[in-house]
Amino acid sequence: MKIELVKDTKTDVTVSFITKDEIAKHPYKKTLKKAAFEAAQDTTCFLYGKDLLAVGIEDESNENIRTAAASAIKALKASNAKSASFDVKKETIKAVIEGLILGGYEFNRYKSEPKKSTLKRIDLKCDDIKALMKDFEEAVIVAEATCFTRDIVNTIPEDIHPETLAKLARNLAKENELECNILGEKALKKEKCGAMLAVGRASRHESQLIHLAYKPKKKPKKVITLVGKGLTYDSGGLSLKPGASMVTMKMDKAGACAVLGIIKAVSELKLDVEVHAFVGAVENMIGGDAYKPDDVLVSRSGKTIEVRNTDAEGRLVLVDVLDYAQEKVKADYIFDFATLTGACMVALGQYTTGVMGNSHALKHAFYDAANNSGELIGSLPFNKHLRKQLKSEIADICNISNKPYGGAITAGLFLDNFIKEENKDKWLHFDIAGSAYTESPWDVNPHGGTGAGVRMMSEFIKSLS
């Protein structure tokens, strides 16, 4: 589907956003009344004789325009229209594009006969193309990077495992002129990544540590390190998950997918910020060589970890990748993304990303980025009492809390133990366990991967640039 900025156009359908107050003044108010259209948010009404699609909005806020555009694109794709037009202005163009691209997203890779839409063209009408072009191009880049992330999340574990994820990263590096370095298991052994290697050792696929780097032509204003949890599949290991809980575990790589999507967006936006993306790509399986509860692992940092649950594996991968990343890059900010805990979903709901870290100022800065991007975040506070729950009697730290409460926070505190002192206030942990995947469509997110983190982080990095 082609989306263009135009001054004038003729299309099969014109889309009109309408509030309740505007119905009485609308040229087709009688027809809309006969159709019982009341302009409730996200409702749609086709006036076929008028070639008009009316879409209800409460007001012209970005959130309401975005979800209305998502409803519109779904209605258009279900129709026989070949083209449609929207009126846009500087205040709404980003929301409209996000609604169209993200709301119209479909993942049909595994359908033998995917349903085809006749819709081929969307024209965005405006008075001044030049004034809106930059916003238009940026919004398309970020939305398409989000869909790129969704595609990887939605790909099944037979097709995306550590080695194929590494191949995908190499291709991304080639297409976007990124630096690329990938460590296989021999290199990981040399790096003494004992925690990460333990998680993946029962898999037939070798674990991979992926490092992509975007370096702008200008001197970078900031250097950012992104770290993503890349569990391409998580069976739970010997602490086996219940059958129903395994069904969506292709999404346990969503943190890795997010950092790949973010670096894709930043490189295409050509921002003057240097970005490094580190991914720990591992498959957590069962077998005679699987790591076990009661094992004590030696992490790359030298700290020892008592394993009490092999399903708390993402944090074991992340601590080695975080340690490697901190050694290789001196960054102004370090952000990790991970589908780390179901407890985060219990605390904040399935729509909201949990944010944890030591710097209140840095957490606060992300509220603006999240609000501007349309993503939802909530802060979960660290405290010394929860920190005590990770104590081990036989190792430096235990991989799970000794109490069943505050699970998202204790997972974040576990990671904090592996953040170097000089980086404590530069680091934030984003738990996307609830926000990265959905089986019930919401906002601009259809079934499957949402691309959580890409829009928010792109917005934050743009603010630095």
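The values are calculated or read from the model by the stated rules, or taken from the named source; none is laboratory data. This one's a predicted model, so the numbers in the text were calculated from it and none came from an experiment. Every residue, glycine as well, gets a Cβ built from its backbone with ideal geometry; the counts of neighbours run over all protein chains shown. Note: areas computed on protein heavy atoms with side chains; ligands, DNA, RNA excluded. Shrake-Rupley method; radii C 1.70, N 1.55, O 1.52, S 1.80 Å.
Taking every alpha-carbon pair under 8 Å whose residues sit at least 6 apart, the range 178-291 reaches a relative contact order of 42 percent. Take each peptide in 105-118, 367-380, count the other Cβ atoms within 10 Å of every residue, and average; sorted highest first, the result is 367-380, 105-118.
State the antiparallel share, in %, of DSSP beta bridges confined to the chain, rounding to the nearest 5. Please list the in-between numbers first.
Working: 26 of 70 bridges.
Rounded to the nearest five, the antiparallel share is 35 percent.
Please compute the alpha carbon radius of gyration of the chain, then divide it by the globular-protein estimate 2.2 N^0.38 Å. Two decimals is fine.
Working: Rg = 23.3 Å, N = 465, 2.2 N^0.38 = 22.7 Å.
Scaled against compact globular proteins, the figure is 1.03.
Put simply, when 25-36, 391-402, 134-145 are sorted by average Cβ atoms within 10 angstrom per residue, most first, you get 134-145, 391-402, 25-36.
Here each label is just a point 7 Å from Cα along the line to Cβ, and for I394 and V298 those points are 1.7 nm apart.
Going through the cross-link list K7/K33; K218/K264; K94/K134; K2/K217; K219/K328, which pairs have a Cα-Cα distance over 21 Å in this structure?
Numbers: K7/K33 31 Å; K218/K264 18 Å; K94/K134 10 Å; K2/K217 31 Å; K219/K328 19 Å.
Beyond 21 Å: K7/K33; K2/K217.
For the range 70-191, which whole percent of the accessible surface, found with a 1.4 angstrom probe, sits on carbon and sulfur atoms? The nonpolar share, carbon plus sulfur, comes to 49 percent.
Run lengths n ≥ 4 of DSSP H only: what is the helix-derived mean residue ellipticity at 222 nm for the chain, with -39500 (n - 2.57) per run over all residues, to the nearest 500?
On the way: 16 runs with 173 residues, N = 465.
Helices in the chain give a 222 nm mean residue ellipticity of -11000 deg cm²/dmol.
Cross-link pairs exceeding 28 Å between alpha carbons, from the set K20/K125; K222/K250; K116/K250; K20/K74; K186/K424: K222/K250; K186/K424.
If each residue of separation counts as 0.36 nm, what is the full-extension length gain between R204 and K7 once their alpha-carbon separation is subtracted?
Values: separation 197, 0.36 × 197 = 70.92 nm, distance 5.61 nm.
Gain on extension, R204 to K7, equals 65.3 nm.
Modelled label positions at K30 and M133, each set 7 Å beyond Cα in the direction of Cβ, lie 4.5 nm from each other. With Cα atoms defining each centre, the range 338-398 and the range 163-215 are spaced 26 Å apart in the structure. Ranked by the mean number of other Cβ atoms within 10 Å per residue, highest first, peptides 44-51, 407-414 order as 407-414, 44-51.
When a 1.4 Å probe is rolled over the protein heavy atoms, the share of accessible surface on the range 204-340 that falls to carbon and sulfur comes to 49 percent. Computed FRET efficiency, Cβ-Cβ of D21 and Y48, R0 25 Å: what is it to the nearest 0.05? Here the calculated transfer efficiency is 0.50. With contacts taken as Cα pairs under 8 Å and at least 6 residues apart, the chain reaches a relative contact order of 15 percent. Karplus-based coupling profile of the range 197-205, in residue order and whole Hz: 5, 4, 4, x, 6, 8, 8, 7, 9, with θ = phi - 60° in 6.51 cos²θ - 1.76 cosθ + 1.60 and x standing for Gly or Pro. Taking label points 7 Å from Cα along the Cα-to-Cβ direction, E327 and M246 give a separation of 3.5 nm.
A convex hull fitted to the Cα coordinates of the range 403-463 yields 121 cubic angstrom per residue.
How much accessible area per residue does the chain have, counting only protein heavy atoms and a probe of 1.4 Å, in square angstrom?
Values: 20390 Å² over 465 residues.
I get 44 Å² per residue for the chain.
In whole percent, what relative contact order does the range 39-136 give with Cα contacts below 8 Å and a gap of six or more residues?
Working: 143 pairs, mean separation 27.6, N = 98.
The normalised contact order for the range 39-136 reaches 28 percent.
To the nearest 10 degrees, how steep is helix 454-464 against the longest Cα principal axis of the chain, on a 0 to 90 scale? Helix 454-464 sits roughly 90 degrees off the main axis of the chain.
Could you please report the charge total around E38, scoring K, R as +1 and D, E as -1 over all other residues with beta-carbon less than 13 angstrom from its beta-carbon? For residues surrounding E38, the net value is 0. Seen against the Cα atoms of the chain and their longest principal axis, helix 360-373 is set at about 30 degrees.
Rounded to the nearest 10 degrees, the angle from helix 314-328 to the longest Cα principal axis of the chain is 90 degrees. Values of log10 I(q)/I(0) for the range 363-465 across q = 0.14, 0.16 Å⁻¹ run -0.69, -0.85, by the Debye formula with one identical scatterer at each alpha carbon and no solvent. The stretch between Y367 and T118, if pulled fully straight at 0.36 nm per residue, gains 85.7 nm over its current Cα-Cα span.
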